[in-house]
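A short write-up of the structure that comes next.
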Amino acid sequence: SREADQLLDYLCKFSRERGYEVQIDEVKNILVSKGTPRLCLQAHYDMVCIGKAPQIETYEEDGWMMAKESSLGADNGIAIAMMMQLMDEGAELEFLLTSDEEIGLIGANALSFTLRSKYMLNLDSEDEGEVYIGCAGGADIVASKPYALIGDERSAYRVSVSGLTGGHSGVDIDKDIPNALKLLASYLKDKSIGLVSIEGGERRNSIPASALAIVKSDEILQGNKLVSVEKIKCDDPVLYGGSEIIDLMKGFSHGVQEINEAFKIPERSINLALVSTKDGLCRIESSARAMSVDGLTQISGETMFFFESYGFDVALEDKYPSWKPEVNAFTKVVSACIEEIFGESKMMAIHAGLECGVIGKRYPSIKLASIGPTIRYPHSTREKVKIKSVEKTFSVLKRIITVIRQEIS
């Protein structure tokens, strides 16, 4: 995200060389088109870089494509690859490639193109054989508080949690993936310490895989199987009252708050994503998700009140709408095409922020659905995509294009 200019240039060059009209807007969204399209394919072209990414070395294991010690970028790069193949074949479609989806749906929120298509198929879902007709809305809650710095002559320790799997803060929030910040807080909570600094988490939309605190204590601290402890030399001051940050992290209600019984997915969730201290200022970032407007208002409000109870200043950022499930002629066509290839089809909703919610609000007359191949553990070094699923999903996509051209008026 925010560093995709080379890819933007490449995609534009690729499209123009194949006879497509290309438009780029102020936030670097790309609209590619040819002929008289009735269907628009949509995906985002940024990725979450975790581990060694963007230096990506791919390999295959048991029918899955993975990357060595990095995120893969199948979210949403596999969709871009499908679009490029269709451009190679000269398909008369619109292709909407949005920017900076992974840092707050920035591109989708600023769309200004005139679209000619009546139907839009988002390619950012992550389960084969399913058509998604609804998604969660979300918002980021950012809290900050200054602390005075005071001297502390006690022994210093580096306390860390690392090497956890991490995961997507939406689709993986119900998978009991450990949160490094919560583990760190649990270890430190009952110890007599002064907090020098803390740094943890990777991104707002990732479950933290690592966290590190520098603390001072008269107590001899020892690690365990989850927490590493190293005695160090450190003359830095501690945060006056900084132990309340540990209390806050320990008490934060990370995870699923309510289940949506209709779709068997989380209805509301909250992710404790990032914590940092610099020059006495503590900053905490969390991501809230909900399947309804009221649900998002509720969980955002509860989280803001929680931070405020500790004296933090709180801001609500990057809010985006949910996509209310709707069955219509287009979603039925998509479902039927999936059933032809996979033998069965399910209409689903996803506890993640597909751009469909934002796009549907911007273009209210367009009919939307979302599909994609099976991807597991996005936003982590375990990210992988099922190769056969990509092949079959591309067959579904080509079948949808044919049916839309022939049948839906």
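Below, the figures for the structure above:
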{"read-out": "Any hit, the stretch 251-261, residues being in the same structural domain as GLY201 (by TED's automatic domain parsing), within 24 Å of ALA209 (Cα to Cα) and out of contact with any strand residue (DSSP E or B) (no Cβ under 9 Å at 6 or more places or on another chain)", "value": "yes"}
{"read-out": "Matching helices (runs of 4 or more DSSP H) fully within the stretch 318-409 where at least 3 residues are in the same structural domain as ALA43 (by TED's automatic domain parsing), at pLDDT 95 or above and touching a Ser or Thr at 6+ places or on another chain (Cβ under 6 Å)", "value": "329-342"}
{"read-out": "Any hit, the stretch 306-327, residues being of a type in the set (Lys, Arg) and surrounded by fewer than 18 Cβ atoms within 10 Å (Cβ to Cβ)", "value": "yes"}
{"read-out": "The stretch 203-233: number of residues that are crowded, with 18+ Cβ neighbours inside 10 Å and in a loop (DSSP other than H, G, I, E, B)", "value": "7"}
{"read-out": "Only one of SER276, SER269 that is within 19 Å of VAL161 (Cα to Cα), of a type in the set (Ser, Thr, Tyr) and either assigned to a strand (DSSP E or B) or modelled with pLDDT under 95 (or both)", "value": "SER276"}
{"read-out": "Verdict on ASP25 being closer than 19 Å to GLY353 by Cα and touching a residue at least 12 places away in the same chain (Cβ under 8 Å)", "value": "no"}
{"read-out": "Selected residue (criterion: surrounded by the fewest Cβ atoms within 10 Å (Cβ to Cβ)) from residues of the stretch 151-175 that are of a type in the set (Val, Ile, Thr) and in a loop (DSSP other than H, G, I, E, B)", "value": "THR165"}
{"read-out": "Neighbours by Cβ (under 9 Å, 6+ apart or cross-chain): first from the stretch 280-308, touching a residue at least 24 places away in the same chain (Cβ under 8 Å); second among the charged types (D, E, K, R) and surrounded by fewer than 15 Cβ atoms within 10 Å (Cβ to Cβ)", "value": "GLU285/GLU317; ALA290/GLU258; GLY295/GLU258; ILE299/GLU258; PHE307/ASP313"}
{"read-out": "All positions within the stretch 235-260 that are in a strand (DSSP E or B) and either surrounded by fewer than 21 Cβ atoms within 10 Å (Cβ to Cβ) or without any contact (Cβ under 8 Å) to a residue 40 or more places away in the chain (or both)", "value": "GLY255, VAL256, GLN257, GLU258, ILE259, ASN260"}
{"read-out": "Residue match in the stretch 2-17 (condition: outside any loop (DSSP other than H, G, I, E, B), farther than 11 Å from SER99 by Cβ, acidic (Asp, Glu) and free of Cβ contacts under 8 Å to residues at least 12 places away in the same chain)", "value": "yes"}
{"read-out": "The stretch 119-165: number of residues that are of a type in the set (S, T, N, Q) and either more than 24 Å from SER71 (Cβ to Cβ) or outside the structural domain of PHE252 (by TED's automatic domain parsing) (or both)", "value": "4"}
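The values are calculated or read from the model by the stated rules, or taken from the named source; none is laboratory data. It should be emphasised that the depicted structure is a prediction, and the values quoted were computed from it without experimental measurement. For neighbour counting, all protein chains shown are included, and Cβ atoms are generated from backbone atoms with ideal geometry for every residue, glycine included.
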